[in-house]
Amino acid sequence: ETGVTQTPRHLVMGMTNKKSLKCEQHLGHNAMYWYKQSAKKPLELMFVYNFKEQTENNSVPSRFSPECPNSSHLFLHLHTLQPEDSALYLCASSQVSLMGKDGYTFGSGTRLTVV
Amino acid sequence: KQEVTQIPAALSVPEGENLVLNCSFTDSAIYNLQWFRQDPGKGLTSLLLIQSSQREQTSGRLNASLDKSSGRSTLYIAASQPGDSATYLCAVQGGSEKLVFGKGMKLTVNP
């Protein structure tokens, strides 16, 4: 496996369900991110993790709960979602250091539909 | 607050044309600028990354330039092909770890 891998690729869930999205990066990066992409909107940053520590929560509702157990894995736990939460959820990673900032590498995304 | 703008939102051209995609940003204090391609329902594929100290980057038929002082970048696509049809996104990274995106430009190249 190379790059950034996201599972599942597609997810349909009811509003009372609990599910989790998984992201794994094989690049040795030290920062990971969750982005949400809704139809006809720019990509929205949700969460940022640097060295496993959450450094940003972009006013995301508590029904989205991130978890970063180590620098290679990132989860997004979902519960009691709303239909408007249906979107493409993208995970990304990057390497941040005092020497500068490299670009982001994105996964293929999870297409989430809330019914 | 950094804002990234891509105009036009959509472009349809015949195959073989040379294209220029524009991106502008409001805060010139950036570390880098990245161009991505996104196919329908898919993730983002990085095309080119330009560090703030660089003026341009090239990869195959793609060339991206950066004018940090004026807050502009262009992506040049030579001899466009139907396989180039996708949405192209510009994003800038500033002092924080955040990457700020434009809304993208949907390109259709007709055979």
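We did not get these values from a lab; they are worked out from the coordinates using the rules stated. Keep in mind that what you see is a predicted model, and the values were worked out from it rather than measured. Cβ placement follows ideal geometry from the backbone for every residue including glycine, while neighbour counts extend to all protein chains displayed.
Shown in residue order for segment B:105-111 are the 3J(HN,Hα) couplings computed by the Karplus curve 6.51 cos²θ - 1.76 cosθ + 1.60 at θ = phi - 60°: 10, 7, 9, 10, 10, 8, x Hz (x for Gly and Pro). Our coupling estimate for segment A:69-78, obtained by passing each phi through the Karplus curve with A = 6.51, B = -1.76, C = 1.60 and θ = phi - 60°, is x, 7, 6, 9, 10, 9, 10, 10, 8, 10 Hz, Gly and Pro reported as x. Look at the dipole of chain B built from charges on Cβ: of B:12, B:95, B:54, the Cα furthest out on the positive end belongs to B:95.
Lacking any other cysteine beta-carbon closer than 4.7 Å, the following Cys residues of the protein assembly as shown have no compatible partner: A:68.
Taking the Cα centre of chain A as origin, sum charge times position over the Cβ atoms of Lys and Arg (+1) and Asp and Glu (-1), and report the length of that vector in debye to the nearest 20. It would help to have the intermediate numbers written out before the result.
Numbers: 11 positive and 9 negative charges, 66 e Å.
The dipole of chain A has a size of about 320 debye.
Per-peptide packing, taken as the mean over residues of other Cβ atoms within 10 Å, places B:22-29, A:44-51 in the sequence A:44-51, B:22-29 from highest down.
Quick one: dipole size for the protein assembly as shown, taken about the Cα centre, charges +1 on Lys/Arg Cβ and -1 on Asp/Glu Cβ, in debye to the nearest 20.
Working: 21 positive and 18 negative charges, 74 e Å.
For this selection, approximately 360 debye.
Please compute the contact order of chain B in relative form: average sequence separation of alpha-carbon pairs under 8 Å and at least six residues apart, divided by the residue count, as a percent. Walk me through the numbers on the way to the answer.
Working: 285 pairs, mean separation 41.7, N = 111.
Rounded, it is 38 percent for chain B.
The fewest-to-most ranking of A:72, B:69, B:80 by surrounding Cβ atoms within 10 Å reads B:69, A:72, B:80. Each Cα pair under 8 Å and six or more residues apart adds its sequence gap; the mean of these over the residue count of chain A is a relative contact order of 36 percent. Simple rule: put +1 on each Lys or Arg Cβ and -1 on each Asp or Glu Cβ in segment A:1-106, find the dipole, and look at A:90, A:78, A:26; the Cα lying farthest toward the positive end is A:78.
With +1 on the Cβ of every Lys and Arg and -1 on the Cβ of every Asp and Glu, and nothing else charged, how large is the dipole of segment B:1-45 about its Cα centre, in debye rounded to the nearest 20?
Values: 3 positive and 5 negative charges, 34 e Å.
So the dipole magnitude of segment B:1-45 works out to roughly 160 debye.
Across segment B:36-48, rounded Karplus estimates of 3J(HN,Hα) from the backbone phi angles (6.51 cos²θ - 1.76 cosθ + 1.60, θ = phi - 60°) give 10, 10, 10, 8, x, x, 10, x, 9, 10, 6, 9, 8 Hz, Gly and Pro being marked x.
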